[in-house]
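What follows is a single structure, written as C-alpha cells, with notes after it.
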Amino acid sequence: MSRIKLFENFQDGTLDDIDDMLISLIDRGLLKIKNKPYFSYEESYDEEGEYQAGIPKIFIRYYITQDLGMINSIEKLDNVIDLLNEFKDSLHRLDQFSSYMIDLGRKELEIKLSVPNNIKDIFDRVSINDESAGFRYNYDEDIDYVPYDVRVSFMVDENLKILVSLAIKTKGVTHTIQQLEEPMKKHFTQYELKYVQTRDMIGTWIWEFITE
C-alpha cells in the first residue's frame, strides 16, 4: 500500500510533501493501516446541548504491530517508551481541529484529521438528515442553470485527496447531460476542485471533482 502523508497544512487546502515520522513507523513495520481513510462527520452541539452542525473529518485507523502489553524487562520498557515518544513527535503536528486516540490494549492508533477549507465550505452547504444514508447529502445552494436537486458524496483516496461526486437523478429531467455539464463545472471549480469526469449511470448522472 502507498505511504500515506498524514500531517500537512490542510488550512490552505494543499497537499505538499513533508517529512512525516509516521511514514517512518509504517516503513519500519511498527504501524499498519487497519482501515482505509474515509470521510465522515462528527456531530456538534451548542452550549445548550442542541444539535448545531456536523464537523467533517478524515478518519484513519492503524494497527500497532509492536507488543505493548506485558513488560518484563528494561529493554522492552525502553522500546515502548521510544515508540510512544515517536508517536508524540508525530501527533503534535496535528492542527487544533484534528484529534487522535491511542488504545494500548487493542494496539490501535486512530486519527481524525480536519479537512481542507474548500471541502468544509461545500459541507457547510449540505443538509444532514435521515435521508443522508450512505453519506450522500443534499446540496442546498442554488446552481445557476441547474434546476434540479443535487446530491453530494465524499470519498478519500490513499493520498488523502478527497473525491467529490455530484449526482442528479434523471427522472423528470428535461435537460441533457451536456447542457448541465458546464454549469456544474463552473459552480464546483470555484471551490478550487479539479474536474475529473462525467458519468452517465442508469437513472443518475454523476460529476466527479477532486482536491488538488
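Odds and ends about this structure:
- Strands (runs of 3 or more DSSP E) (entirely within the range 152-212) containing at least 3 residues that are closer than 28 Å to Ile23 by Cα: 162-169, 204-211
- Filter pass, Asn118 being touching an Asp or Glu at 6+ places or on another chain (Cβ under 7 Å), at pLDDT 80 or above and either part of a loop (DSSP other than H, G, I, E, B) or not β-branched (Val, Ile, Thr) (or both): yes
- From the options Asp149, Asp124, Asp157, Asp144, residue that is closer than 19 Å to Gly54 by Cβ and of a type outside the set (Val, Ile, Thr): Asp124
- Qualifying residue in the range 96-103 (condition: assigned to a strand (DSSP E or B), more than 19 Å from the chain's Cα centre (by Cα) and surrounded by 13 or more Cβ atoms within 10 Å (Cβ to Cβ)): yes
- Among residues of the range 44-64, those that are part of a strand (DSSP E or B) and either at pLDDT below 70 or over 17 Å from Ser98 (Cβ atoms) (or both), counted: 7
- Residue among Glu108, Glu86, Glu75 that is charged (D, E, K, R) and either farther than 18 Å from Lys32 by Cβ or surrounded by fewer than 11 Cβ atoms within 10 Å (Cβ to Cβ) (or both): Glu75
- For the range 69-86, the set of residues classified as without any contact (Cβ under 8 Å) to a residue 60 or more places away in the chain and in contact with a Leu (Cβ under 7 Å, 6 or more places away or on another chain) consists of Ile71, Val80, Leu83, listed by residue number.
- Residues (of a type in the set (A, V, I, L, M), in a helix (DSSP H, G or I) and in contact with a strand residue (DSSP E or B) (Cβ under 7 Å, 6 or more places away or on another chain)) located in the range 68-95: Leu91
- Looking across the range 104-115 at every residue that is assigned to a loop (DSSP other than H, G, I, E, B) and of a type in the set (A, V, I, L, M, F, W, C), the one that is modelled with the highest pLDDT is identified as Val115.
Results for (1) surrounded by 13 or more Cβ atoms within 10 Å (Cβ to Cβ); (2) touching a helix residue (DSSP H, G or I) at 6+ places or on another chain (Cβ under 7 Å); (3) among the basic types (Lys, Arg), shown as yes or no for each residue.
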site: Lys161; (1), (2), (3): yes, no, yes
site: Val164; (1), (2), (3): yes, yes, no
site: Ala167; (1), (2), (3): yes, no, no
site: Val173; (1), (2), (3): yes, no, no
site: Glu182; (1), (2), (3): no, no, no
site: Lys185; (1), (2), (3): yes, no, yes
site: Thr189; (1), (2), (3): no, no, no
site: Trp205; (1), (2), (3): yes, yes, no
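The values are calculated or read from the model by the stated rules, or taken from the named source; none is laboratory data. These numbers come from a predicted model, not from an experiment. A quick note on method: Cβ atoms are made from the backbone with ideal geometry, for glycine too, and the neighbour counts reach across all protein chains shown.
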